[in-house]
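A short worksheet on the structure shown next.
Read the figures in this text as sums done on the coordinates, not as results from a lab. All values derive from a computational prediction rather than experimental measurement. Here the Cβ positions follow ideal geometry from the backbone for every residue, glycine too, while neighbour counts run over all protein chains shown.
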Amino acid sequence: MSGPGDAAARAAALREAIRRHDHRYYVLDDPEIADHEYDALMRELVALEEEYPDLVTPDSPTQRVGAAPSASFPEVVHRVPMLSLANAFDGDEVRAFDRRIRERLGAQQGSGAQQSSGAQQGCAGEGSGARHNCAEEGGEPAVEYTGEVKIDGVAISLVYEGGRLVRGATRGDGARGEDVTANVRTIRAVPLRLLGGAPPARLEVRGEIFMPRAGFERMNDVQRERGERTYVNPRNAAAGALRQLDPAVTAGRPLSLYCHGMGAVSDDAALPYRHSDVLDTLASWGLPVSPHTKVLDGADACLAYHAEMGRCRDSLGYDIDGVVFKLNDLRAREVVGQVSRAPRWAVAYKFPAQEALTRLIGIDVQVGRTGTLTPVARLEPVMVGGATVTNATLHNQDEIERKDVRVGDAVWVRRAGDVIPEVIRIVPERRPEGTEPFRLPGRCPVCGSEAARAEGEVAVRCTGGLVCPAQRKQAIRHFASRRALDVEGLGWKLVDQLVERGMVSTVADIFGLEEDRLAELDRMGEKSARNLVEGIGRARRTTLDRFLYALGIRDVGEATASALAAHFGGLAALRKADADALTEVPDVGPVVAESVRRFFDDPRNEAIVDALTRELSWEETEPVRTETGSEAAGQAAALGQAAAPSRTAAPPPPLAGKTFVLTGTLDSMSRDDAKRRLQALGAKVTGSVSKRTDYVVAGESPGSKLDKAQSLGVPVLGEGGLAELLRRAEDG
Ligand code: IVH
């Protein structure tokens, strides 16, 4: 930049670009550039304005905090502005943040002006509010920060008067937001009444409303099935849900909350001087606070926290886009102060983005275990969430059409948690000339059988059944997998060869494999052939639930297989059961019953099951009817766990050994259903809370059990948390 003239022109260009991107992001919900590209534009503009302060205009994007409120909700004025956070982009910037804070606090201390408790108290300040710590950094005392997860949701302000929720408002532009009280009241994680002692007469809590990933996926599946709009990520879904005009719609969306601070608070209450203590106080009032908050001494501890949360990011169940470091001493915060958009006492250190822009270079069609044809995008390799992604699912034909995805398009790809990467949308402005709409083929790309779409289903399926090598291979691999019959040594490469050479057509053929012929296969020798045959031999002794799961019946996962096994006790009774008898099994509804019936009614499957019963053995048990069925399944599996490590025993169910107590009314399921589902996963559900209780699930209007849980420090799950836990456990 050679002078102020150039700077002015560049600043104007940057502002225009930023405004356009803001509009696409906030209004159209369709960004054209990645977050980091946007951040780079904003940083350049901030730097220019710092160098040439005359260039700052009141309407510069640097001068405001977020999106302006919309006209649909009443406006509210925030008594204390809702600020944004400055970003650090690498470790050096975090160190610089820490250095600036130390300098400011040090200067303040030296000048003898308004002093923070931190600056005053030094090492002796333990327990009396904020402090500097003994840990020395280059000879200087380390400053205490909190490390918090930066939840990727929607900022919210909650006002409680006399302990009752009176208002919920979005951040808006930081000064004014939207009154979304009616919607906020539908969110289970938001207490309508604060618990315990005496909260301040008026308390404003700040936090983040978010949608757990599992709920997001499920909600999008439902929207997709209904042919309604799907959301590109949980943050957009949360924002959309919070700004629904009909609170009943919000109520049906799986939203949750974590609180991370306070806004305006009446001065009748003595509040702690450390932010970490404030968070504990909020939790004691029943407000949800992230369990991942940590008190950190100095920059090194902050960087270690960033690395640690980066490692466990995928397992959290909700999206975080980074971590936040905040000066823990609230009085020291006043010394450090703020700039126009953000406080100087906090900084966000982001993680690699979970969404990225790349190009679609082809569409492959994969055939799944049950014949579903899934279009898979082949992508120009791109880093997403810290990993290189080259493939992403396009779900099905309807989704391709809805998103109008074509080969050659610039596409946004998202990868979060264990979820398979997916193409979430295209950038129409970047579409090259001459692209063609994509259609799934009318024939299976593997076996050439007709591919058809059953009525009322979105999936197109290959009708070849076990004639189709793709389905056959996957059925065999599933049958041999660890949680099914656990045939050691029967991996993908071997299954490919066995099917391609015609040595195995159905899962029952595995038991006829001979050592000599196996030894002739690629990458097999006599030893591996012998090991495999021995592995197959060991798999012959199994359990009914493993066997049922291994059959790969549509809609029958491990938990359902266990429930069926416990309920019927033996295979013959299950094979005979009609739909009515099947729906008596806990957790089996008409859809699952239909899948089970269809499986056993198919003569091809009948023949395979007959053949398998001659090869395999398991112990049959007395049928256990009604809901105790699943308890028995859980107990049986738990016994399996306790016994010597017998390889035929099923692995313990995911919630074995965990005790739950349910209180209050749940919205998405009855308490009985919740109980049955927990029991089916091996959990014990009891009626009273004790130190041995692992979780209390609290619905609407919870009873004294919730108070007891809180006084004993037993973790409390809201409805969202329960749904997330069930979903994760049921998915194994
Ligand atoms: S503190 C002045 N803490 O990130 C401090 N914000 O980019 C303002 N956010 O608007 C917020 N997790 O919506 C804070 N643990 C956390 C957060 C968090 C997510 C959001 C918040 C804020 C935005 C700032």
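Quick notes on this structure:
- Gain on full stretching of the segment that runs from Ala201 to Asp39 - 0.36 nm per residue minus C-alpha separation: 54.3 nm
- Theoretical gain in end-to-end length, Glu584 to Ala175 [0.36 nm per residue, Cα-Cα removed]: 141.6 nm
- Rounded to the nearest 10 degrees, the inclination of helix 91-111 to the longest alpha-carbon principal axis of the chain is 30 degrees.
- Extending 7 Å from the Cα toward the beta-carbon at both Lys527 and Glu16 defines two label points whose distance is 7.1 nm.
- About the Cα centre, charge dipole magnitude for the chain (Lys/Arg +1, Asp/Glu -1 at Cβ), debye: 860
- Fewest-first ordering of Ile510, Ile187 by other beta carbons within 10 Å of each residue's beta carbon gives Ile510, Ile187.
- Other-chain or far-sequence residues with amide H under 5 Å of Gln338's (modelled H): Arg344
- Converting the Cα gyration tensor eigenvalues of segment 141-275 into ellipsoid dimensions via √(5λ) gives semi-axes, longest first, of 30, 18, 13 Å.
- For segment 210-361, the percent of C-alpha pairs falling in each 5 Å distance bin, counted from 0 to the bin holding the largest distance, reads 2, 7, 13, 16, 17, 16, 13, 9, 5, 2, 1, 0, 0.
- Note on the chain: the C-alpha convex hull projects to 37.7 nm² when averaged across all orientations.
- Karplus-derived 3J(HN,Hα), 6.51/-1.76/1.60, for each residue of segment 211-221, Hz, glycine and proline x: 10, x, 4, 4, x, 4, 4, 5, 4, 5, 4
- Rounded to two decimals, the Cα-based Rg/Rh of segment 193-262, with Kirkwood Rh, is 1.10.
- Relative contact order [Cα under 8 Å, 6+ residues apart], the chain, whole percent: 9
- Extension gain for the segment Ser617 to Leu316, taken as residue separation times 0.36 nm less the Cα-Cα distance, is 104.3 nm to one decimal.
- Inter-centroid distance (Cα atoms) of segment 470-491 relative to segment 652-666, Å: 31
- Bridges between two residues of the chain, per DSSP, are antiparallel at a rate of about 85%.
- Summarised as an ellipsoid, segment 145-215 has semi-axes of 20, 16, 14 Å, derived from the eigenvalues of the Cα gyration tensor scaled by 5 and square-rooted, with the largest first.
- Under 5 Å, built H, 5+ apart or other chain: amide partners of Ile424: Trp412, Val413, Arg414
- Put a plus charge on the Cβ of each Lys and Arg, a minus charge on the Cβ of each Asp and Glu, and nothing anywhere else: the dipole of segment 286-332 about its Cα centre is then about 120 debye.
- Axis of helix 719-730 versus longest Cα principal axis of the chain: the two differ by about 40°, to the nearest ten degrees.
- For Lys658, the lysines whose Cα falls under 27 Å of its own Cα, not counting residues fewer than eight places away in the same chain, are Lys294, Lys675, Lys684, Lys691, Lys705, Lys708.
- Helical content alone sets the calculated 222 nm signal of the chain at -11000 deg cm²/dmol, taking -39,500 (n - 2.57) per DSSP H segment of four or more residues and averaging over every residue.
- Cα-based helix-to-principal-axis angle, 35-51 vs the chain, degrees rounded to 10: 10
- Measuring r between the beta carbons of Arg99 and Arg218 and using R0 = 45 Å, the FRET efficiency lands at 0.50.
- 3J(HN,Hα) along segment 283-297, derived from phi through the Karplus expression 6.51 cos²θ - 1.76 cosθ + 1.60 where θ = phi - 60°, amounts to 4, 5, 8, x, 8, x, 10, 4, x, 9, 6, 9, 8, 10, 9 Hz, with x in place of Gly and Pro.
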